[in-house]
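The structure under discussion appears below in the form of structure tokens.
The values are calculated or read from the model by the stated rules, or taken from the named source; none is laboratory data. Predicted model only: the values in this text are computed from it and were never measured. Cβ placement follows ideal geometry from the backbone for every residue including glycine, while neighbour counts extend to all protein chains displayed. For the accessible areas, the whole protein counts, side chains as well, though only heavy atoms, and no ligand, DNA or RNA atoms are used. Shrake-Rupley method; radii C 1.70, N 1.55, O 1.52, S 1.80 Å.
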Amino acid sequence: MGFKFQNVDFLKFDTLLNEDERLVRDTARAFVEDNLVPIIEDCFREGRFPRELVPQMGELGFFGANLHGYGCAGMSNVEYGLVMQELERGDSGFRSFVSVQSALVMYPIYTFGSEEQKQKWLPDLASGRKLGCFGLTEPGFGSNPGGMTTRARKVGDEYILNGEKMWITSGNIADVAIIWAKVVDDPEPGKETVRGFLVETDRPGFRADEVHGKWSLRASVTSGLSLQDVHIPASNLLPGSGGLKSPLMCLNQARYGISWGAIGAAMSCYDTALQYAKTRKQFRNEPIASHQLIQEKLVWMISEISKAQLLSLHAGRLKDAGTLTHEIISLAKRNNVWMALECARMARQVLGANGITEDYPIMRHMMNLESVITYEGTHDIHALIIGGHITGSPAF
Amino acid sequence: MKIIVAIKQVPERDARIRIDSGNKWIDLEDVEFSMNESDAYALEEALQLKEAHGGEVIVVSAGPERAGKTIREALAKGADRAIHLQSSDETELAAYDALGVARLLAASIQDEKADLVLTGLQSDDLGLGQTGVILAELLGLPHASLILKIEVAGNGLKVLRELEDGWFQHIELATPAVLTIQSGNTKLRYATLMGIKKAKTKEVRVIAVADLVASDPSLKPTAPSVVLDQVKLPHKQRSTQLLGGSPAEAAAALVEKLQFEVRVI
């Protein structure tokens, strides 16, 4: 139920987009409106990932959209961002799945993989024939991934992996996991370097257990991974990876997309609140949209959404020019997810009691955004990344 | 098979429209535009025919520069090339009625010698339902309107035509032909991201309306046979009727009203 989405564009933002960017956004918007919106409340309630949409998304080019070649669409980063926005306007969990497939699985193979690895994996990941997951976070190491305990030991032509990974989106549906592990005695005895490995999920010793009881991102799969003496050929090492910088580069890709995605969730909440406020009557039989305190909330939302749009577009243009820094990404992710969560809370209030039901998307967005503000660098960690950058004094 | 699809860019169906100060048309400021719905189905039919039988799909559209986005969308969905009959502003084409526009379209596509010309049965904005049919006459081709399905049969076509009241008609006709397409019989495809990228490389031949008219003075706008006199928004009215009698009588009265007054069932 809810209302049919009406474009949210206070600033004439669309005039900043070129024809292709608008067409890409229109395709993603129509896809979400036709295919995801009608089923998402059921998926969320049932805790079901709508896997049936994967092949069509592959055909449309949504996976690894900003990568070039290997069956990828070769979109600009702004176009990629607009796709993320529309997907998350549908649902943050659904967008998370695409972010993981694109930014955390395809991007590292594309960036750190050998030609053979790219040929083997990217076309199948782009089409959705194969799915992937990204194992960096561990039960004891979230904001501090450098402390990871997962180890890879080279024995002959193989690596043997041992460790636990936690909060892994798509863990149970993945055909391949990008596992980040410290390599024992690499490159010299006693020294350990973080490297990325392609681990096929059907290898003996690899296990994924779904996380149950989530009140957030219920339309995507979240898992814990266990690796016990998992043998993989040495050729499964991502040769270009080296040090914690490598997984952080992946996270930067994903965080950039999240900054756009959060705008989508906020747009959905704002648009719902606006349409509701125009129809809901209270006192003197006037729509509540005419009430000052409701207007103040709507104005706060549209102001923050408009600023966030400019911020992400700016980041996207910088990224396309090759000059985007990770501090700017931190600022965009931190600001936009925060404002989206505030929009969800405000929009919920505009809808009164109706706001808590699944008849409207707001509570779902709000619950989802509690994850989004935590994953891929928490709100506070991003503050410290920016803080460390502007002061020159790292706080962690 | 060489197929030409005539498409029109119209204000989006959900656009919140205002009447302009002259009461002759809507205020186009801030209006979103999209491909006319039945034209989108015509394009889909053309693309499916091409996929099944090979050939080429060419889109033609008359409109100002903004129509370029709709043309690009058609190319992104899979059309091979396009002809943009470009007006210099929002008003140039308004001087033509359906006959005049059909003349311009005919002049811009007659050299293509297409096997099939498709277009939507009517536009979502003016809703005249004339352009496609007149185009057939001007091109000297047979036509059929309200078409839901096209199949290739021998050297010609077998088409399914919608009649009123749930009746359908099967027609066989020879090519070349012009068909006007009814919406809703198939699922429209999305422009894929790869398609959008590829569209940039496809040919869009821009013909200025003024140049076309200069080359053939008979295309000059003549006194239109149909004149748009006034545009107004439907009057908003709200009334409540209580249907009396037994539940069965009230239900029968309700069904009658739904059937014959508001015509929704």
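Annotation for region B:110-190: trypsin sites (Lys or Arg not before Pro) lying in DSSP loop with at most 13 further Cβ atoms inside 10 Å of their Cβ are B:113, B:187. Model label sites at residue B:226 and residue A:115, defined 7 Å from Cα along the beta-carbon direction, differ in position by 6.2 nm.
Evaluating 6.51 cos²θ - 1.76 cosθ + 1.60 at θ = phi - 60° for every residue in region A:219-231, the Karplus couplings come out as 8, 10, 8, 10, 9, x, 10, 10, 10, 10, 6, 7, 8 Hz, glycine and proline recorded as x.
Once you have a ≥ b ≥ c as the square roots of the Cα gyration tensor eigenvalues for region B:2-233, tell me rounded if a/c is under 1.5, and otherwise prolate or oblate according to whether a/b is larger than b/c. Here region B:2-233 falls in the rounded category. Full extension of the chain segment joining residue B:89 with residue B:210 gains 42.4 nm, where the gain is 0.36 nm per residue of separation less the Cα-Cα distance. Average accessible surface for region B:215-265: 95 Å² per residue, computed with a 1.4 Å probe over protein heavy atoms with every protein chain in place.
Using the Cβ-Cβ distance between residue B:238 and residue B:188 with R0 set to 41 Å, the FRET efficiency from 1/(1 + (r/R0)^6) comes to roughly 0.75.
Under 14 Å from the Cβ of residue B:222, count the other residues' Cβ atoms, weight Lys and Arg +1, Asp and Glu -1, and hand me the total. Within the 14 Å Cβ shell, the charges total 0.
With a 10 Å cut-off around each Cβ of A:17-29, the average count of Cβ atoms from other chains is 5. The gain in end-to-end length when the residue A:229 to residue A:327 segment is fully stretched comes to 31.5 nm, 0.36 nm per residue minus the alpha carbon separation. In this structure, the residue pairs whose Cα-Cα separation is over 25 Å, taken from A:130/B:200; B:24/B:202; A:245/A:333, are A:130/B:200; B:24/B:202. Of A:338, A:260, the residue with the largest accessible area leads and the full order is A:338, A:260 (1.4 Å probe).
Loop-located trypsin sites (Lys or Arg not before Pro) in region A:223-303 (DSSP state not H, G, I, E or B) with no more than 12 neighbouring Cβ atoms inside 10 Å: A:284.
If you sort the three axes of the alpha carbon gyration tensor as a ≥ b ≥ c, you get a/c of 1.5 or more for the protein assembly as shown and a/b above b/c, which makes it prolate.
When a 1.4 Å probe is rolled over the protein heavy atoms, the share of accessible surface on chain A that falls to carbon and sulfur comes to 53 percent. Per residue of chain A, the DSSP helices (runs of n ≥ 4 H) give a summed -39500 (n - 2.57) that works out to -15500 deg cm²/dmol at 222 nm. For chain A, the per residue solvent-accessible surface stands at 39 Å², with DNA, RNA and ligands left out and a 1.4 Å probe.
Close amide-amide hydrogen proximity is noted between residue B:145 and B:180, each under 5 Å apart and 5 or more residues distant or on a separate chain (H modeled in the peptide plane; Pro and chain starts excluded).
Within chain B, the longest run free of GluC sites (Glu not before Pro) that sit in a DSSP loop with at most 16 other Cβ atoms within 10 Å is B:91-163. So in chain B, what percent of DSSP beta bridges are antiparallel if you round to the nearest 5? Taking every DSSP beta bridge with both residues in chain B, the antiparallel ones total about 40 percent. Restriction of the GluC sites (Glu not before Pro) in region A:301-396 to DSSP coil positions whose beta-carbon has at most 15 other beta-carbons within 10 angstrom yields A:358. Amide H contacts of residue B:19: B:27, each under 5 Å away and 5 or more positions distant or on a separate chain (H built 1.01 Å from N in the peptide plane; Pro and chain starts excluded). Counts of other chain beta carbons within 10 angstrom of each beta carbon in peptide A:72-82 average 2.
Stretching residue B:19 away from residue B:165 to a fully extended chain increases their span by 49.1 nm, per 0.36 nm per residue minus the current alpha-carbon distance. In this label model, residue A:48 and residue A:395 are separated by 4.4 nm, measuring between points 7 Å along each Cα→Cβ vector. For the chain pair A and B, buried accessible area totals roughly 1900 Å², probe 1.4 Å, rounded to the nearest 100.
Here region B:2-233 exposes an accessible surface that is 49 percent carbon and sulfur, computed with a 1.4 Å probe and the other protein chains kept in place. The 3J(HN,Hα) values that the Karplus relation (6.51, -1.76, 1.60; θ = phi - 60°) gives for region A:5-15 are, in residue order, 5, 10, 3, 9, 8, 7, 8, 6, 4, 4, 6 Hz. Gly and Pro appear as x. Across region A:245-391, the mean sequence separation of Cα contacts (distance under 8 Å, 6 or more residues apart), normalised by length, yields a relative contact order of 32 percent.
The phi torsions of region A:385-395, fed into the Karplus equation with coefficients 6.51, -1.76 and 1.60 and a -60° offset, translate into couplings of 5, 5, x, x, 5, 7, 9, x, 10, x, 9 Hz, rounded to whole numbers, with Gly and Pro shown as x.
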